[in-house]
Amino acid sequence: NLLKLYPRAPHSAQIRASGFQPPVNLTYVGTDACKACHAAEHAKWKNHPHSHAMETLETVAKRPSLRQFDGECVQCHSVGFHHKTGYVDDVTTKHLRDVGCESCHGPGSGHVAAPKRQDLL
């Protein structure tokens with residue numbers, strides 16, 4: 001699996017949070033973790049093409065095919081592919097498949113754990 005061989009760097013939010021006292025280890029949690037507090041946004045996302053972004057690589061992209069195994073394509077069709085704790089493959093990180101909340105907002109474990117803490121947004 002070539003996707004596992006791609007280098008992973010910390011997201012800027014992960015770097016910032018590692019400097020907190022005490023340090024916070026931010027990880028990607030997946031869009032379903034946002035659903036409880038952001039139900040309307042989650043419902044809108046479920047009906048948006050972003051929620052099926054990897055499927056586009058698997059079924060629509062034909063020339064060349066197999067783009068779901070090309071990191072240059074996967075980085076835009078998944079969550080956090082080039083970052084630590086981001087998408088690796090459908091076996092180990094299926095919850096990060098497709099474009100989701102954390103594609104723009106960054107790793108969300110801190111926000112899920114402490115939603116009112118402004119420095120973790």
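The values are calculated or read from the model by the stated rules, or taken from the named source; none is laboratory data. Quick caveat, the model's predicted, so the values are computed rather than measured. Note that each Cβ is placed from the backbone with ideal geometry, even for glycine, and that neighbours are counted across all protein chains shown. Accessible surface is based on the protein model in full, side chains and every heavy atom, while ligands, DNA and RNA are left aside. Shrake-Rupley method; radii C 1.70, N 1.55, O 1.52, S 1.80 Å.
Dipole of segment 1-106, Cα-centred, from +1 at each Lys and Arg C-beta and -1 at each Asp and Glu C-beta, to the nearest 20 debye? If you can, show how the numbers build up before the last one.
Values: 12 positive and 10 negative charges, 18 e Å.
About 80 debye.
Do any chymotrypsin sites (Phe, Trp or Tyr not before Pro) in segment 14-121 lie in a DSSP loop with no more than 16 other beta carbon atoms within 10 Å, and if so, which?
F20
What net charge do the residues around A61 carry, taking every other residue with its C-beta under 11 Å from that of A61, with Lys and Arg at +1 and Asp and Glu at -1? Walk me through the numbers on the way to the answer.
On the way: positive: K62, R63, R67; negative: E55, E58, D70.
Surrounding charge for A61 is 0.
Given the whole protein assembly as supplied and a 1.4 Å probe, what does the accessible area of D90 come to in Å², nearest 10?
D90 has an accessible surface of roughly 50 Å² with all protein chains in place.
Under 5 Å between amide H atoms, partner at least 5 residues away or on a different chain: which partners does H83 have, H built in plane at 1.01 Å?
A9
Can you give the net charge of the other residues whose Cβ lies under 9 Å from the Cβ of H42, counting K and R as +1 and D and E as -1?
+1
Just to confirm, what accessible area per residue do you get for segment 1-79 at 1.4 Å probe, in whole Å²?
Value for segment 1-79: 67 Å² per residue.
Quick one: in segment 1-102, what % of C-alpha pairs are over 21 Å apart?
Tail fraction, whole percent: 39.
Just the number, please: carbon plus sulfur as a percent of the accessible area of segment 1-49, 1.4 Å probe, no ligands or DNA/RNA counted. Show your work: numbers first, answer last.
Details: 2120 of 3440 Å².
After summing per-atom areas, the C and S share lands at 62 percent.
Would you compute, from DSSP H runs of 4+ residues alone, the mean residue ellipticity of the chain at 222 nm, taking -39500 (n - 2.57) per run and dividing by the full residue count, rounded to the nearest 500?
Using -39500 (n - 2.57) per qualifying helix, the result is -6500 deg cm²/dmol.
What does the accessible area of H52 come to, in Å² to the nearest 10, when a probe of 1.4 Å is used?
90
Taking the Cα centre of segment 26-65 as the origin, how large is its charge dipole in debye, to the nearest 20, when only Lys and Arg (+1) and Asp and Glu (-1) carry charge on their Cβ atoms?
Here the size comes out at about 140 debye.
Pairs of Cα atoms under 8 Å, at least six residues apart: use those to get the relative contact order of the chain, whole percent.
With pairs under 8 Å counted, the relative contact order is 34 percent.
How many Lys pairs in the chain lie less than 20 angstrom apart by Cα atoms, where the lysines are 8 or more positions apart or on different chains? Don't jump to the answer; show the numbers that get you there.
Working: K4/K84; K4/K94; K35/K44; K35/K46; K35/K94; K35/K116; K46/K94; K84/K94.
Lysine pairs meeting the criterion: 8.
Between C76 and F20, what is 0.36 nm times their sequence separation minus the Cα-Cα distance? Round to one decimal in nm.
Stretched out fully, the C76 to F20 stretch lengthens by 17.2 nm.
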